[in-house]
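Below: the structure, in structure tokens.
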Amino acid sequence: MGRLLTLAGLPGLPLVLLLLLLLWPLPTRTRCPDFCSCSPNGALRCPDAGPGFTRLSLTYLPVKVIPSQAFRGLSNVLIILIQNTKNLVYIGPGAFTKLPRLKYLSICNTGIQKLPDVTKIFSAEFNFILEICDNLHITTIPGNAFQGMTNESATLKLYGNGFEEIQSHAFNGTTLISLDLKENKNLRKMHNDALRGATGPNVLDISSTKLEALPSYGLESIQVLIATSSYSLKKLPPREKFVNLLEATLTYPSHCCAFINLPTKDQNISLFIFENFSKQCESTARKPNNETFYSAIFAENELSIWDYDYGFCSPKILRCAPEPDAFNPCEDIMGYDFLRVLIWLINLLAIVGNFTVLLVLLTSHYKMTVPRFLMCNLSFADFCMGLYLLLIASVDSKTKGQYHNHAIDWQTGSGCSAAGFFTVFSSELSVYTLTVITLERWHTITYAMQLERKLQLRHAVLIMLGGWLFSTVFAVLPLVGISNYMKVSICLPMDIETTLSQAYILIILVINVAAFIIICACYIKIYFAVQNPELVAAHKDTKIAKKMAILIFTDFTCMAPISFFAISAAFKVPLITVTNSKILLVLFYPVNSCANPFLYAIFTKAFRRDFFLLLSKFGYCKTRAELYRMENFSAYTSHCKNGSHGANKAPQNTLKLSTFKCQYTTVLEETCSKGC
């Protein structure tokens, strides 16, 4: 930048000073320049100002119209600046005609409502720069809008306008070095053939626009793609379209996954548009002249010719930002193929098992008891976990191999929010209900002799209403900004950036750990309470211990790994990657949802009785159902009624022992009905 150049008879004048002389804005004008004329109706016309005139600055003028042929004859002009003229509403067709030496045309901050006609400029200068910016009333870039502007390469700086649409063949007939469309905040549509007929661009900037898709044609020449704050651009064209891409600065980290291992061509610096650059890379630095000087002035900031930022003089490897982070690695939702198979098996098991339990319990002709009611709640909670896994598995199958193009739609959309709600709601309601079931069993056995203290159905309903409210609140909080479900592809609330979000995660984990401790303590108490040889035979004591051990083991398997790694992550000391956490998600997280319907219902005699009785209504298993009816009646009369009818004859301790046996049998097997 500090090298000395010679221009227009000014030897030794520093480049920086020349830049200031050429580009420094002129003082605010309120009248026409001396060499221009303004008619009473606000029309501007600037005839030939002489061969030495190279710069025309029309800023802050009260003109309304620039008619056709307004600048005809300015054959030596290099720069035309039309800026901050708010009253200007119309530029006539052919206003810019035959300006062969024009290098820089700027039309900014005006009131014009139509893209000015620049098709008759016929500039012969290399890297002609057209700047049209901050014209909020221009809504469309029509087809062939720049054809004839120049026979050489061009840079289009079309930023901050009111563009809503770029039509087909808009850039036809141009050789584009750079196309700058940033900050066109209303730009939503760029026709698929917008770049057809153009060579380039090599630099494309669509930052801060509302474009939802890039054209699939004309991307082959792009070496630099800039799309920051383009939140509507959630899907990129196939990566094979970007055969010459060297640098991408995007909005979403997942989009960079599309360019991993994308081959770049060493030949990409020999494109036609950059042949002159390639030839001049060394000669320009050694022996600058007037021609290359102007190219440097107007291309230096955009293309970084001098320091070779974009690799025009030397090949570069592909760079992409922002890079995928630990929460969103470049992989499908299910990082491993074996998980993709297992998640389907597990979610189907959870859905079918819990739906079967719900169906049987809700259609049973037996009275709804507290254990049945609690089991219905548990089955519904675990059924929701199956729905969560089904959602995750379905999206993974749909986006396999292309998740980077679907990540934003999925993680920021209603699908991931629904999946996240299901998983938090189901896991918390399941833990809550398991705790209530365990406490109810402990209470029933502990106070078996005090029937007045037995938990009634109305009490259980109130308790579970509290559980539903608790689970719903905790599932809704990430939807209103306390943590969120968008952080990772599996839609778990893993955002701990704020103190409130961190506290939310820790509270959930502490509650789950506390629930596990309560469950373990209650089952230990239950086990010791029934270790009376008069109550339970030795082989039954072993059987009971095994059942309780299984219940505790499944709870531990589900809660312990998740809680351990989640607590460490909540304190921002992660001990496991998101990729490996998906193993926990599939193999450990849904353990309870799959096991609960079997441990608490399907493996019990009461459920099997109700199941076959239900089938008998449809004409199946009638013999088996009749056996269960007879067995149930026998158990009812001999095990329950006999104890109470013989109360006057039997000793008091025998009556108590019989009542306790009946209560215990009700808790673990539900072989008794209302009489117990």
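Taken together, the values in this text are just the output of simple stated rules run on the coordinates, not laboratory data. Note that the structure is predicted; figures quoted are calculated from it, not measured. Don't worry about glycine lacking a Cβ; one is built from the backbone with ideal geometry, like all the others, and counts go over all protein chains shown.
What to note about this one:
- The stretch 429-475 shape via C-alpha gyration tensor axes, a/c threshold 1.5: oblate
- Residues of the stretch 93-135 with amide N under 18 Å of a point placed 7 Å along Cα→Cβ from GLU165: 113-116
- Charge tally in the Cβ shell below 10 Å around SER397, where Lys, Arg are +1 and Asp, Glu are -1, SER397 excluded: +1
- Each Lys or Arg adds one and each Asp or Glu subtracts one; over the other residues with Cβ under 10 Å from the Cβ of SER208, this totals +1.
- Taking all Cα pairs closer than 8 Å and separated by 6 or more residues, the relative contact order of the stretch 316-462 comes to 29 percent.
- Candidates per chymotrypsin sites (Phe, Trp or Tyr not before Pro) in the stretch 90-131, loop by DSSP, up to 14 other Cβ within 10 Å: none
- Ordering of 169-180, 130-141 by burial proxy (mean other Cβ atoms within 10 Å per residue, highest first): 169-180, 130-141
- Span from the the stretch 434-506 Cα centroid across to the the stretch 576-615 one, whole angstrom: 19 Å
- For CYS330, neighbours were defined as the other residues whose beta-carbon sits under 13 Å from its Cβ, and their charges (Lys and Arg +1, Asp and Glu -1) total -3.
- Applying a DSSP loop filter and a limit of 15 other Cβ atoms within 10 Å to the trypsin sites (Lys or Arg not before Pro) in the stretch 393-449 leaves LYS400.
- Computed from point charges on the beta carbon alone (+1 for Lys and Arg, -1 for Asp and Glu), the dipole magnitude for the stretch 325-465 about its Cα centre is near 780 Debye.
- Rounded, prolate or oblate (a/c below 1.5 giving rounded, otherwise prolate when a/b exceeds b/c) for the stretch 49-182 by Cα gyration tensor: oblate
- Legend: calculated FRET efficiency, ASN192 to LEU506, from the Cβ-Cβ distance at R0 = 51 Å, rounded to 0.05, equals 0.55.
- GLN69-PHE528 pseudo-label distance in nm [points 7 Å out on the Cα-to-Cβ vector]: 10.9 nm
- Relative contact order (%) - the stretch 73-226, alpha-carbon pairs under 8 angstrom, separation at least six: 16 percent
- Zone residues, the stretch 102-146, relative to GLU220, backbone N less than 19 Å from point 7 Å out along Cα-to-Cβ: none
- Cα centroid of the stretch 164-208 to Cα centroid of the stretch 86-111, whole Å: 20 Å
- Over the stretch 376-521, Cα pairs under 8 Å with separation of 6+ residues give a relative contact order of 28 percent.
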